[in-house]
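The values are calculated or read from the model by the stated rules, or taken from the named source; none is laboratory data. Quantities reported herein were computed from a predicted structural model and do not represent experimental measurements. Don't worry about glycine lacking a Cβ; one is built from the backbone with ideal geometry, like all the others, and counts go over all protein chains shown.
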Amino acid sequence: MASVEPPAPAAPDGANAGAEPSVRLRRAALLEALDGLRASPDLPALRAALVALSAAAGPGGELRAGEDEEAVVFPEGWLRSELAQIGAALTLERARYYAERLGRAARGARTAAINEIDLNRWKAYEDIVTDSLWLIERRDSSGVHRADYWGNFVPQIPNQLMRRYTRRGEWVLDPFAGAGTTLIEGQRLGRHVLGVELQPDLVERARRLVSAEPNPFGVALPVVQGDSTAVDFCALLAGHGAASAQLAILHPPYHDIIRFSDDPRDLSNAASLDMFLALLGRVVDGVAAALDRGRYLALVIGDKYARSEWVPLGFLAMQVVQGRGFALKSIVVKDIHGTAGKRAQQELWRYRALVGGFYVFRHEYVFVFRKR
């Protein structure tokens, strides 16, 4: 069970080290000290060497690096934790293993092709969620983020997805851009985002919000007014010098639960469930054509209740994506009990559930797929 809080500013290497002080250590000297520690003949000797190393890494210690020296930078709390784990080891073999792990982190980053997470420091990424149940007690309302548009989803969702499945400078597709939540998060994280939105007033709103948010990485954040069931995503990317995208985040209407416009092309106006799924399939087709093989697509959607029956809209939409060359990697269940609509009608929904013999919606899904 994971509680997802608004993220602190990302550190330069993608870890969330910006939330705490960092320590600059002389790389070569640290590696030499760790080699000496691992060469200790027994556990008491290793622990004595560890005490000396910890002191040397502390304020004013000889391992501290000057600005002109080659250095390795560690989050202070993470470094303390690593050193403590070495000291708490019950066997010499295990203590040497932990020391070697710290040495690997000091030698350099080990990242996957699809993100910037340094696997040699994986414990430093405490705010990156890997559980399939997300409890989001409050949405991130920092900067230009707003919660006054019904179609918004919480910024923590695109933040988590982009940090897991993209690297800085890569492209993200958002075919249901709405008020620009994904664009704003991409701007903060240094990801280019191409947004497509059907409603002209939302396009202008998204552009206005994005322009009011700092763009420290100079990324491109085009918002195009158009119908995502018909636009050519490849051509739109090409217009910005990109051959393809590396992630797609889809947050479509949940069929007709909320009517977002009077436009017949709007998925919330689909005449039937089958038509909604067909239109969603067209969006997925267009996105898939622009997405690199082996990269990821995330679908954020919930279920609905109609004619006294629970309609498993999420799983029906999941099957639409699976049928178009995508492998299902994860199903995340996210709570929605904190939404304004639910808070205002708690008693009414409880009464309806007791009368109607059903359970009140408290969740939605984040389906994660990989393009085959």
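Below, the figures for the structure above:
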{"read-out": "Failed item in (1) in the same structural domain as Gly178 (by TED's automatic domain parsing); (2) surrounded by 19 or more Cβ atoms within 10 Å (Cβ to Cβ), with Val144 passing the rest", "value": "(2)"}
{"read-out": "Tally, over the stretch 189-215, of residues that are part of a helix (DSSP H, G or I), charged (D, E, K, R) and crowded, with 22+ Cβ neighbours inside 10 Å", "value": "0"}
{"read-out": "Residue count for the stretch 167-188, restricted to those that are surrounded by fewer than 24 Cβ atoms within 10 Å (Cβ to Cβ) and assigned to a strand (DSSP E or B)", "value": "0"}
{"read-out": "The lone exception for Asp131 - which of (1) among the acidic types (Asp, Glu); (2) in the same structural domain as Asn269 (by TED's automatic domain parsing); (3) at pLDDT 95 or above it fails", "value": "(2)"}
{"read-out": "Single condition Arg307 does not satisfy, out of (1) touching a residue at least 24 places away in the same chain (Cβ under 8 Å); (2) more than 21 Å from the chain's Cα centre (by Cα)", "value": "(1)"}
{"read-out": "Residue in the stretch 30-37 that is in contact (Cβ under 8 Å) with a residue 60 or more places away in the chain, of a type in the set (D, E, K, R) and surrounded by 17 or more Cβ atoms within 10 Å (Cβ to Cβ) present", "value": "no"}
{"read-out": "Scan of the stretch 216-248 for residues that are surrounded by fewer than 14 Cβ atoms within 10 Å (Cβ to Cβ) and either in contact with a Lys or Arg (Cβ under 9 Å, 6 or more places away or on another chain) or within 20 Å of Leu161 (Cβ to Cβ) (or both), ordered by number", "value": "Pro216, Ala230"}
{"read-out": "Ser268, sole failed condition from (1) of a type in the set (Gly, Ala, Ser); (2) in contact with a helix residue (DSSP H, G or I) (Cβ under 6 Å, 6 or more places away or on another chain); (3) outside any loop (DSSP other than H, G, I, E, B)", "value": "(2)"}
{"read-out": "Residue match in the stretch 292-303 (condition: assigned by TED's automatic domain parsing to the domain that holds Leu161, modelled with pLDDT under 95 and surrounded by fewer than 14 Cβ atoms within 10 Å (Cβ to Cβ))", "value": "no"}
{"read-out": "So Asp262, is it assigned to a helix (DSSP H, G or I) and either charged (D, E, K, R) or surrounded by fewer than 15 Cβ atoms within 10 Å (Cβ to Cβ) (or both)", "value": "no"}
{"read-out": "Counted residues, the stretch 196-208 - those being over 10 Å from Gln225 (Cβ atoms) and in contact with a Phe, Trp or Tyr (Cβ under 9 Å, 6 or more places away or on another chain)", "value": "1"}
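Condition check ((1) touching a Lys or Arg at 6+ places or on another chain (Cβ under 7 Å); (2) under 25 Å from Arg164 (Cα atoms); (3) β-branched (Val, Ile, Thr); (4) free of Cβ contacts under 8 Å to residues at least 40 places away in the same chain) across all residues:
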| site | (1), (2), (3), (4) |
| --- | --- |
| Arg47 | no, no, no, no |
| Asp68 | no, no, no, yes |
| Val73 | yes, yes, yes, no |
| Gly108 | no, yes, no, yes |
